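Worksheet: one structure, shown below.
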Amino acid sequence: MRYVRWITILLISLALRGQAEERPAVDDPAPRPAPWRPSTPPQPDAEGYVSIRGGSFLMGGDYDGEKPVHLVSTSGFRLMDHEVTNAEYFRFVRATGRQSPAHWKEDWFWMAEFGDHPVVHIAWEDAEAYCRWKGGRLPTEAEWEYACRGGLTQAKYPWGDEEPDESRANFDNVHATPYRTRPVRSYPPNAYGLYDMAGNIYEWVRDWYDKDYYADSPSKDPQGPEIGAIHARRGGQWRSPPSSLRCARRYGGDPSARDDGSEAYFGFRCAKQGIEK
């Protein structure tokens, strides 16, 4: 009798185990962001480019044009650690004959006084031409935002979530001087070794701008809309409020507009494909 009871228990256990194995597997949790997090900020190469390893991050924010927040993966790329300066752009103008910014007036004076400030009143077309001349291109919006966050998951600013002050960025008229920008590398870099990713000047990026693009954008190396009327720019500028300095903040602008004489300062930094080993 006892033998029969043990056989019965064994058969019931086997049946229950079989039912458990037949149950559908619980769906895996949503993929988590896995950005590159270097132990120390990488150093720029001789041309001023920092190698940034690929990874995934949560792109977007809570404002109009930043929704929905979505997971994006980027391949490795290189990005200038600073915004292109007047002196660097001056060499491009001399070599190619391209139009110089109207506010330079006397080039020699401008270079002596403000050579290490970011070049401004630059159209998207000027920025793209400069980057091609240097063997590169403008960064995509995804690359720019990934780089801005510096490996911090959904961080508001390049340094984290703490609100900006005059020790971290040039914004909100904190420097009331006739020339409102500050020399590049005036503030601490983020964890990727990048300077001025918030404030100082707006930065053109490669993508056409569409405020609804995130609703159906690719999850791997998005390149922006195929066509458009305006290009995206990022980063805020010297007179921007703190909300405009957020890594997720996006704006659009006429690609041919230089905004000469205005206080909307447009500049840029260049990117290159791949990373140095």
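Being of a type in the set (Ser, Thr, Tyr) and surrounded by fewer than 22 Cβ atoms within 10 Å (Cβ to Cβ) is the filter here; which residues of region 196-220 pass it?
Residues satisfying the conditions are Tyr209, Tyr213, Tyr214, Ser217, Ser219.
What's the total number of residues in region 48-61 that are outside any strand (DSSP E or B) and either among the hydroxyl-bearing types (Ser, Thr, Tyr) or in contact with a strand residue (DSSP E or B) (Cβ under 8 Å, 6 or more places away or on another chain) (or both)? Walk me through it before giving the result.
The first filter runs over region 48-61 and keeps only residues outside any strand (DSSP E or B), leaving 48, 53-54, 60-61.
Keeping just the survivors that are either among the hydroxyl-bearing types (Ser, Thr, Tyr) or in contact with a strand residue (DSSP E or B) (Cβ under 8 Å, 6 or more places away or on another chain) (or both) gives 48, 54, 60.
Number of matching residues: 3.
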(request) Taking only region 157-166 into account, find how many residues are farther than 25 Å from His70 by Cβ and either buried (at least 20 other Cβ atoms within 10 Å of the Cβ) or small (Gly, Ala, Ser) (or both). (result) 1
(request) For Ala129, state whether it is surrounded by fewer than 19 Cβ atoms within 10 Å (Cβ to Cβ), touching a Lys or Arg at 6+ places or on another chain (Cβ under 8 Å) and in contact (Cβ under 8 Å) with a residue 40 or more places away in the chain. (result) no
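Yes or no, residue by residue, for (1) over 14 Å from the mean Cα position of the chain (by Cα); (2) hydrophobic (A, V, I, L, M, F, W, C); (3) closer than 19 Å to Glu162 by Cα; (4) at pLDDT below 95:
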| site | (1), (2), (3), (4) |
| --- | --- |
| Arg180 | yes, no, no, yes |
| Tyr187 | yes, no, yes, no |
| Asp196 | no, no, yes, no |
| Arg206 | no, no, no, no |
| Tyr209 | yes, no, no, no |
| Tyr214 | yes, no, no, no |
| Pro218 | yes, no, no, no |
(request) State which residue pairs qualify: first residue over 11 Å from Glu143 (Cβ atoms) and inside region 263-275, second residue buried (at least 24 other Cβ atoms within 10 Å of the Cβ) and at pLDDT below 85 in any location, beta carbons under 7 Å apart, and separation of 6 or more residues or different chains. (result) none
(request) Pull up region 71-94, narrow it to residues that are aliphatic (A, V, I, L, M) and surrounded by 23 or more Cβ atoms within 10 Å (Cβ to Cβ), then point me to the one that is nearest to Gly54 (Cα to Cα). (result) Val72
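Pick from region 132-156 the residues that are aliphatic (A, V, I, L, M) and in contact with a Lys or Arg (Cβ under 6 Å, 6 or more places away or on another chain): which of them is surrounded by the fewest Cβ atoms within 10 Å (Cβ to Cβ)?
Here is the first cut: in region 132-156, the ones aliphatic (A, V, I, L, M) are 138, 142, 147, 152, 155.
Pick out the ones that are also in contact with a Lys or Arg (Cβ under 6 Å, 6 or more places away or on another chain) and you get 138, 155.
Details: Leu138: 24, Ala155: 20.
Within region 132-156, the match that is surrounded by the fewest Cβ atoms within 10 Å (Cβ to Cβ) is Ala155.
The values are calculated or read from the model by the stated rules, or taken from the named source; none is laboratory data. In this text, all values refer to a predicted model and were calculated from it rather than measured experimentally. Every residue, glycine as well, gets a Cβ built from its backbone with ideal geometry; the counts of neighbours run over all protein chains shown.
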